[in-house]
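See structure below.
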2 protein chains.
Amino acid sequence: MRIGELAERAGTTTRTLRYYESRGLLPARRSGNGYRTYDEDDVRLLEQIRTLQDFGFELEETRPFVECLRSGHPAGDSCPASLDVYRRKLAELDALISELSAVREQVGAQLVRAEAAVPGGPDPQCELTG
Amino acid sequence: MRIGELAERAGTTTRTLRYYESRGLLPARRSGNGYRTYDEDDVRLLEQIRTLQDFGFELEETRPFVECLRSGHPAGDSCPASLDVYRRKLAELDALISELSAVREQVGAQLVRAEAAVPGGPDPQCELTG
DNA sequence: GTAATCCTTGACGTGGGCGTCAAGGCCAGT
DNA sequence: ACTGGCCTTGACGCCCACGTCAAGGATTAC
């Protein structure tokens, strides 16, 4: 199949596929007229890449998964290198989530404090109903 | 005071201050020789901006706080517009955190599943001690 | 033949918040 | 006078995963 069909099957664009190829992630065979040619294996590789991208993995982080598939393993995460990426990503996510949670608490506290200081803001009926 | 001193006092760089000025966020008076001149009020404005930036607010989101301070209010979040930014940020943070948590769960599940499928990976002594 | 639809490479644009020169002006100390 | 350290504006670089032309070649449908 050609680049347009592969892009459509994976829900992405031709530009994206050419970009992946430029990064050495998804090289393509060429037919006589110079068009890129892909097969079903490429569909699986691309699906693996897209899944990880949707998870927020960087392109380079998908490389071990792609190479794992390409070397004949049944799944992209059948190789130790892929598992390492999983583990590092989990650590990153945990760190990021706890950092964001801390910010969330601080901003929430600021909001509560500021609302209490603003006249006629937060909870007027407490005094009005007295 | 001049730009270098203000930058140092706020723990940032002159480049950053010029950038803020270019965005209309922190305009500066000029002395006779063309040097930027700042006062203590500017220190407070800059501290407000830096605090919010450290929280992950975009520059534009700090503008209401700066304008609030500049219009004479005691704090940058003494104005309704600032509170709105707080609230929107909280919503953003909550959405982002829950999204990241969902990803974390999915990646964690994938890791567990993949580890179980890899030979000699996860918990060898269960069989070895039998 | 020709229009439509694919494909090719190349190259610049995007966003956010700056970093990092480059070329030069102003001022203090010696 | 000269050195060193501050300041000025202007402009390009960075990161990342592409989007978006532009100019042209290949193929298919009619």
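Quick notes on this structure:
- Coordinate range along principal axes, alpha carbons of region A:38-110, Å, largest first: 56, 24, 16
- Tail fraction, Cα-Cα pairs, region A:3-54, threshold 16 Å, whole percent: 31 percent
- Radius of gyration over Kirkwood radius for chain A, both on Cα atoms: the Rg/Rh ratio is 1.33.
- Shielding of peptide B:56-65 by partners, expressed as the average count of other chain Cβ atoms within 10 Å per residue Cβ, is 1.
- When shorter helices are ignored and each DSSP H run of at least 4 residues is given -39500 (n - 2.57), the per-residue value for the protein assembly as shown at 222 nm works out to -21500 deg cm²/dmol.
- Centroid-to-centroid separation of region A:1-26 and region B:50-114 [C-alpha atoms, Å]: 35 Å
- With the charge dipole of the protein assembly as shown set up from +1 on Lys and Arg Cβ and -1 on Asp and Glu Cβ about the Cα centre, the Cα lying farthest toward the positive end among the listed residues A:GLN48, B:GLY32, B:VAL107 is that of B:GLY32.
- Computed from point charges on the beta carbon alone (+1 for Lys and Arg, -1 for Asp and Glu), the dipole magnitude for chain B about its Cα centre is near 720 Debye.
- Computing Rg and the Kirkwood Rh from the Cα coordinates of the protein assembly as shown gives a ratio, Rg/Rh, of 1.15.
Read-outs: derived from the displayed coordinates by stated rules, not from any lab. Quantities reported herein were computed from a predicted structural model and do not represent experimental measurements. Virtual Cβ from ideal backbone geometry, glycine too; neighbours counted across all protein chains shown.
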